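What follows draws every value from the coordinates through simple rules; no lab data is involved. Not measured: the values here are computed from a predicted model.
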Amino acid sequence: MVALRLIAILLLITIGLALVLYLFTRNRRYLTFAWRVFQFAVVFLVVFMALYVLERLVLVV
């Protein structure tokens, strides 16, 4: 769980930094990068939660 929290913190920092860079430079490349990182984070979260639920189901049976 510590690794998951570390990944979440790093993702938030990365997205925040990309958005700040976009505000300063108005370069859409940073906005696109922040969106891609957010999409990756959502996919990672969905996969992690599916594996977590699967683990709980296996332990019950």
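Here are the numbers:
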{"quantity": "Value at 222 nm in deg cm²/dmol, rounded to 500, when DSSP H runs of n ≥ 4 in the chain each add -39,500 (n - 2.57)", "calculated": "-33500 deg cm²/dmol"}
{"quantity": "HN-Hα J in Hz across the stretch 6-12 - Karplus 6.51, -1.76, 1.60, θ = phi - 60°, x for Gly and Pro", "calculated": "5, 4, 5, 5, 5, 5, 5"}
